[in-house]
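Worksheet: one structure, shown below.
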Amino acid sequence: MFDFSWSEIVVIGVVALVAIGPKDLPKALRTAGIMVRRARSLAREFHNSIDEMIREAELDEMRKRIDETVRLQPAEPTPVAPPENTTEPKIAPPDPPVPIQPEPAESAPPEPAPTAASEHKVAEAPPPEPHVAPPEP
């Protein structure tokens, strides 16, 4: 509570010894001790009464919450009536989507990798079509 160093306590003791006197110093210290004890008990009592008021306020608040909850919930559950039969046609759920599978690609022979010599070639003309003789009449 109070931060006194040992040197400060010694100075206070010397001043008290000179001011009060050696004969009455023990009585004065005893009286000071009793007064400190009373002050501490009053502070403790005050602190406890404040804590008690806080607890009571919290209890009252909890009671109110419980009462509100009980009032909002019915005592007995109410039965739920089954839905009436209607003449509306039932709609079937849509069929699940069919996954589209890609068509298998024709296997073509892989093209050879270009080489240094083939890069300098000029594009070749396609081979000539074979000449077929027309049928004789």
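General remarks:
- Close contacts from the range 23-37, counting a first residue that is closer than 14 Å to residue 13 by Cβ and a second that is β-branched (Val, Ile, Thr) and at pLDDT 95 or above, with Cβ to Cβ under 6 Å and a gap of 6+ residues or different chains, come to none at all.
- So residue 69, is it at pLDDT 90 or above and either surrounded by 10 or more Cβ atoms within 10 Å (Cβ to Cβ) or not hydrophobic (A, V, I, L, M, F, W, C) (or both): no
The values are calculated or read from the model by the stated rules, or taken from the named source; none is laboratory data. None of the values given here were measured: they were computed from a predicted structure. Note that we place each Cβ from the backbone using ideal geometry, even for glycine, and neighbour counts take in every protein chain shown.
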